[in-house]
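Undergrad: Take a look at this one; I'll ask things after.
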Amino acid sequence: MWALFAILSAVFAALTSILAKVGIDGVNSNLATAIRTMVVVIMAWGMVFLTHAQSGLAEIGKKSWIFLILSGLATGASWLCYYKALQIGEASKVVPIDKLSVVITLVLAFVFLHEEFTYKSVIGCILIGAGTLFMVL
């Protein structure tokens with residue numbers, strides 16, 4: 001089931017890029033990010049209440065709060081940079097560079113989470129990096 005959600009995530013991320021590129025025309029990138037964020041907040045809280053998950057709010061530990069807040073700050077910074085890049089660059093060049101996050105995530109998962117870094121991971125990172133360079137040059 002995780003693979004289906006991952007594929008849907010990729011499809012929605014692709015739609016996000018195209019819709020954002022069209023929608024950001026003539027709009028300040030920070031304002032556009034704020035509008036997008038409000039829609040995401042409404043959708044996320046809607047799903048929390050729809051699935052009756054709000055009762056778990058009180059059970060979240062201090063460590064989880066800290067890391068979820070840090071993750072939110074990283075997401076905000078990513079979105080602000082992404083929208084600015086989309087506003088001044090071509091989507092076909094911005095998006096592949098943004099997807100270098102896959103390579104960076106694999107490296108960070110190896111360093112900080114001590115996840116396995118296999119030959120397959122190394123080859124994948126090299127191919128993604130090379131493919132990104134090939135697409136944007």
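Per-residue answers, yes or no, for (1) among the aromatic types (Phe, Trp, Tyr); (2) more than 18 Å from Ala14 (Cα to Cα):
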position	(1), (2)
Val48	no, yes
Lys63	no, yes
Tyr83	yes, no
Ala109	no, yes
Leu113	no, yes
Val122	no, yes
Cys125	no, yes
Gly131	no, no
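Undergrad: Here is a follow-up. Which of the residues belonging to region 96-110 are among the aliphatic types (A, V, I, L, M), part of a helix (DSSP H, G or I), out of contact with any Phe, Trp or Tyr (no Cβ under 9 Å at 6 or more places or on another chain) and closer than 18 Å to Leu127 by Cβ?
TA: Ile97, Val102, Val103, Ile104, listed by residue number.
Undergrad: Got at least one residue in region 50-65 being outside the structural domain of Val136 (by TED's automatic domain parsing), out of contact with any helix residue (DSSP H, G or I) (no Cβ under 6 Å at 6 or more places or on another chain), among the hydrophobic types (A, V, I, L, M, F, W, C) and within 30 Å of Gly131 (Cβ to Cβ)?
TA: no
Undergrad: I've got another one for you. Conditions: (1) among the hydroxyl-bearing types (Ser, Thr, Tyr); (2) under 30 Å from Gly26 (Cβ atoms); (3) not assigned by TED's automatic domain parsing to the domain that holds Ala10. Tyr119 meets all but one. Number of the miss?
TA: All conditions are met except number (2).
Undergrad: Then there is this: List the number of the failed condition for Val136; all other conditions in (1) within 23 Å of Ala6 (Cα to Cα); (2) under 20 Å from the mean Cα position of the chain (by Cα); (3) of a type outside the set (Asp, Glu) hold.
TA: (1)
Undergrad: I'm told Gly61 meets every condition in (1) modelled with pLDDT under 95; (2) over 27 Å from Lys99 (Cα atoms) except one. Can you identify the failing condition by its number?
TA: Failed condition: (1).
Undergrad: List the pairs whose first member sits in region 24-47 and is closer than 20 Å to Cys81 by Cβ and assigned to a helix (DSSP H, G or I), whose second member is modelled with pLDDT of 95 or more and among the charged types (D, E, K, R), and whose Cβ atoms are under 7 Å apart, counting only residues at least 6 apart or on separate chains?
TA: The qualifying pairs are Ser29/Lys84.
The values are calculated or read from the model by the stated rules, or taken from the named source; none is laboratory data. Note that the structure is predicted; figures quoted are calculated from it, not measured. We place every Cβ from the backbone using ideal geometry, glycine too, and count neighbours over all the protein chains shown.
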